[in-house]
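Q: What follows is a structure written as structure tokens; I'll ask about it next.
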Amino acid sequence: MFMRNRLLYLFLLLTLFASVAVKAADRYPPDDDAARLTGLRKPRPLIIREDTLHIRPSWIIPDHLKVQYAGLIGFMSVGAGYDLSKRYDATLFYGVLSNHLGGSSVRVHTVSLKNSWDLFKPGLLGNVTPKAGVSINWGNTNNTFRRLPAHYPEQYYFQNKVHLAPFWGAEWQIHLPAGRTFKSIGIYGEMSTLDAYVLELVRTKYVSLDKIWNLALGITLYMD
Amino acid sequence: MVSNRKIKGLLSAAVILLLGACENIIEYSPYKAGVKVSDSDLNIKAIESIQQNGTDYFVPFSIGIFGDTHTYYDEFEKQVRYFNRKDDIDFVVHMGDLTLSGIYREFLWYRDLSSGLKHPLLTIIGNHDYLSNGELLYKEMFGPYNFTMVYNNCLFVFLDDVIWEKNVEDPDFDWLEEVLKDSEGYKYRFVFSHIPPWSDPFSRGNEYYYNRLMHEYNVDLSLHGHTHRFYYGQMYETGPPYFTASSSKQGEVFFLDLDEDGFEIRMERF
């Protein structure tokens with residue numbers, strides 16, 4: 001049990017390190033590879049009176065913003081993330097579920113880190129990109145815990161705050177005219193499930209494939 | 001070579017088919033609470049339907065008992081089928097721990113499987129059902145945590161004795177004493193709760209006090225779950241016999257048969 005928690009932490013840390021490392025490596029790419037530069041890292045001219053300054057925007061500015069409906073991380077969630085390689089991107093989401101937003105009699109705040117991979121070479125299916133990945137979700141509501149409160153015997157329950165949520169889906173990308181804040185908009189749909197549901201799918205005959213999936217819909221804004 | 005258009009078409013068709021096939025296709029959170037009206041107050045509705053067939057005086061009858069179904073869904077399904085083959089039981093009691101993690105979908109799965117039962121079903125809350133937002137889901141789906149029912153002049157007391165998950169020191173002994181007071185008029189008195197008093201969450205003081213209440217108010221039998229093992233016997237020097245139902249995994253179902261001369265617990269294997 002604790003081993004599994006450690007592995008989860010390790011995975012999380014690795015993901016974060018990877019994101020920082022890839023970003024740092026990307027910071028000053030060789031000039032001849034200028035085509036690889038995303039718009040964000042292009043020096044931007046800023047004219048103050050007669051002086052023109054060239055500003056290289058910080059790598060900390062995200063590559064994309066997302067708004068998502070449903071998908072286990074709340075009624076609505078907003079996220080920001082980076083395209084860390086040609087085929088892999090990571091997005092940090094915050095989602096909320098409450099009485100007014102989603103009709104739940106109790107409020108749930110969810111923070112999640114979604115790791116998404118493009119399944120095919122970019123452009124193979126035109127503007128449609130099939131994706132799959134796994135999201136790490138932290139749920140905050142009543143009676144959820146990472147570490148058991150002191151009044152329980154050791155290992156009485158497995159932690160119930162962090163869940164892994166595998167997903168697959170596709171995004172349809174619409175390119176916008178150059179010079180805008182956003183270079184393109186993506187509209188995506190995803191089927192996701194939860195580690196706990198997959199476990200019962202494996203363990204029982206009753207829980208079948210049609211009982212574990214749910215649908216999320218969202219919009220991605222790609223920054224220029 | 002398959003064209004892009006064909007691939008896209010196939011993909012869309014697959015997605016649409018899958019959407020149609022999936023239950024509860026929109027799920028905001030595993031921790032969601034809030035159930036449909038048709039899934040609410042099930043204990044209250046069950047009591048109404050049980051009491052419709054009851055009388056003011058004692059007549060012999062039998063009830064079915066099981067519990068700790070957790071996520072042993074296949075065995076749970078077999079238990080439901082087994083109870084359905086019996087026509088001589090008036091209702092069934094689930095002894096608690098109907099979920100593993102108290103999450104929304106587990107409650108829906110319980111609802112789905114238990115709705116296959118042809119007898120009225122009363123469900124009490126277990127410690128696992130308090131995890132996450134299970135506490136709220138239970139209340140919405142079944143009704144109050146503590147409740148009583150009089151059937152054929154017998155008193156059935158259902159007590160929520162979960163302690164750690166509620167972060168309390170004691171079960172609601174005041175409520176228990178209140179409902180057991182003035183119960184001499186009934187033919188039998190039964191107390192159902194998930195955790196037996198000798199189990200860990202009970203302090204030694206609470207264990208002693210629980211049995212003292214059973215003894216003082218002449219409770220005939222104290223019934224529980226939680227241990228996942230069948231037990232039926234005289235646990236303490238004083239007080240009533242105690243019973244614990246096994247988990248679904250053990251492949252057993254239980255019956256409580258009552259007649260004029262007394263009652264007995266019967267175990268059957270499926």
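Q: Scan (1) within 12 Å of chain A (Cβ to nearest Cβ); (2) part of a helix (DSSP H, G or I) for the single condition residue B:99 breaks and write down its number.
A: Against the list (1) within 12 Å of chain A (Cβ to nearest Cβ); (2) part of a helix (DSSP H, G or I), residue B:99 comes up short only on (2).
Q: Something else about it: Only one of these is in a loop (DSSP other than H, G, I, E, B) and either closer than 23 Å to residue A:212 by Cα or more than 10 Å from chain B (Cβ to nearest Cβ) (or both): A:103, A:95. Name it. Walk me through it before giving the result.
A: Working: A:95 fails: in a loop (DSSP other than H, G, I, E, B).
Just one listed residue meets the conditions, A:103.
Q: From A:112, A:98, A:105, A:184, which residue is crowded, with 17+ Cβ neighbours inside 10 Å and without any contact (Cβ under 8 Å) to a residue 60 or more places away in the chain?
A: On the way: A:98 fails: crowded, with 17+ Cβ neighbours inside 10 Å; A:105 fails: crowded, with 17+ Cβ neighbours inside 10 Å; A:184 fails: crowded, with 17+ Cβ neighbours inside 10 Å.
Just a single option satisfies the conditions, and that option is A:112.
Q: Looking only at residues that are within 12 Å of the chain's Cα centre (by Cα) and of a type in the set (A, V, I, L, M) in segment B:42-93, which one is nearest to residue B:111 (Cα to Cα)?
A: The selected residue is B:42.
Q: With the requirement that a residue be facing chain B (nearest Cβ under 7 Å), under 23 Å from residue A:114 (Cα atoms) and polar (S, T, N, Q), what does segment A:179-222 give you?
A: Result: A:214, single match.
Q: Which of the following residues is out of contact with any strand residue (DSSP E or B) (no Cβ under 7 Å at 6 or more places or on another chain), more than 10 Å from every other protein chain (Cβ to nearest Cβ), assigned to a loop (DSSP other than H, G, I, E, B) and closer than 24 Å to residue B:5 by Cβ: A:86, A:121? Give the steps one after another, and end with the answer.
A: Values: A:86 fails: closer than 24 Å to residue B:5 by Cβ.
Matching residue, one of A:86, A:121: A:121.
Q: Go through B:168, B:162 for me and flag whichever is part of a loop (DSSP other than H, G, I, E, B) and free of Cβ contacts under 8 Å to residues at least 24 places away in the same chain. Before you say what the answer is, go through the steps one by one.
A: Working: B:162 fails: free of Cβ contacts under 8 Å to residues at least 24 places away in the same chain.
Exactly one residue qualifies, and that residue is B:168.
Q: Quick check on this structure: which one of B:108, B:17 is at pLDDT below 95, of a type outside the set (Ser, Thr, Tyr) and in a helix (DSSP H, G or I)? Steps first, please.
A: Numbers: B:108 fails: at pLDDT below 95.
Answer to the selection: B:17.
Q: Which of the residues spanning segment A:112-145 are within 19 Å of the chain's Cα centre (by Cα) and closer than 30 Å to residue B:167 by Cα?
A: Across segment A:112-145, the qualifying residues are A:112, A:136, A:137, A:138, A:139, A:140.
Q: Among the residues in segment B:42-58, are any within 14 Å of chain A (Cβ to nearest Cβ) and among the hydrophobic types (A, V, I, L, M, F, W, C)?
A: Here is the first cut: in segment B:42-58, the ones within 14 Å of chain A (Cβ to nearest Cβ) are none.
Checking segment B:42-58: not a single residue is within 14 Å of chain A (Cβ to nearest Cβ) and among the hydrophobic types (A, V, I, L, M, F, W, C).
Q: Here is a follow-up. Quick one: which of B:32, B:78 is within 11 Å of chain A (Cβ to nearest Cβ), under 24 Å from residue B:257 (Cβ atoms) and not small (Gly, Ala, Ser)? Full working, then the answer.
A: Working: B:32 fails: under 24 Å from residue B:257 (Cβ atoms).
Going through B:32, B:78 in turn, just one is within 11 Å of chain A (Cβ to nearest Cβ), under 24 Å from residue B:257 (Cβ atoms) and not small (Gly, Ala, Ser): B:78.
Q: Quick one: residue B:91 ticks every box in (1) within 10 Å of chain A (Cβ to nearest Cβ); (2) under 23 Å from residue B:258 (Cα atoms) except a single one, so which number is it?
A: Checking residue B:91 against (1) within 10 Å of chain A (Cβ to nearest Cβ); (2) under 23 Å from residue B:258 (Cα atoms), the one that fails is (1).
Q: Could you say which residue among B:251, B:225 is touching a Ser or Thr at 6+ places or on another chain (Cβ under 8 Å) and either of a type in the set (A, V, I, L, M, F, W, C) or touching a residue at least 12 places away in the same chain (Cβ under 8 Å) (or both)? Don't jump to the end; show me each part of the working.
A: On the way: B:251 fails: touching a Ser or Thr at 6+ places or on another chain (Cβ under 8 Å).
Only one candidate qualifies: B:225.
Q: Taking segment B:168-223 as the search range and keeping residues that are within 28 Å of residue B:55 (Cα to Cα) and among the polar types (S, T, N, Q), which one is surrounded by the fewest Cβ atoms within 10 Å (Cβ to Cβ)?
A: Once the filter is applied, the top-ranked residue is B:218.
Q: Starting from residues that are assigned to a loop (DSSP other than H, G, I, E, B) and more than 15 Å from residue B:125 (Cα to Cα), keep the ones in segment B:138-159 and report whichever is farthest from the other protein chains (Cβ to nearest Cβ).
A: Restricting attention to segment B:138-159, the residues satisfying the condition of being assigned to a loop (DSSP other than H, G, I, E, B) are B:143-146, B:152-153.
Cutting the leftovers down to more than 15 Å from residue B:125 (Cα to Cα) gives us B:152-153.
Details: B:152: 35, B:153: 38 Å.
Only one residue fits best here, namely B:153.
Q: Of the residues in segment A:147-179, how many are acidic (Asp, Glu), within 24 Å of residue B:102 (Cβ to Cβ) and surrounded by 10 or more Cβ atoms within 10 Å (Cβ to Cβ)? Break it down stepwise before answering.
A: Going residue by residue through segment A:147-179, those that are acidic (Asp, Glu) are A:154, A:171.
Those still in the list that are within 24 Å of residue B:102 (Cβ to Cβ) too: A:154.
Still in the running and surrounded by 10 or more Cβ atoms within 10 Å (Cβ to Cβ): none.
Going through segment A:147-179 one residue at a time, the tally reaches 0.
Q: Which pairs have Cβ atoms under 6 Å, sit 6 or more apart or on different chains, and link a residue in segment A:59-77 that is more than 14 Å from chain B (Cβ to nearest Cβ) and β-branched (Val, Ile, Thr) to one that is assigned to a loop (DSSP other than H, G, I, E, B) and crowded, with 21+ Cβ neighbours inside 10 Å?
A: none
The values are calculated or read from the model by the stated rules, or taken from the named source; none is laboratory data. Keep in mind the model is a prediction, meaning the values are calculated, not measured. Note that each Cβ is placed from the backbone with ideal geometry, even for glycine, and that neighbours are counted across all protein chains shown.
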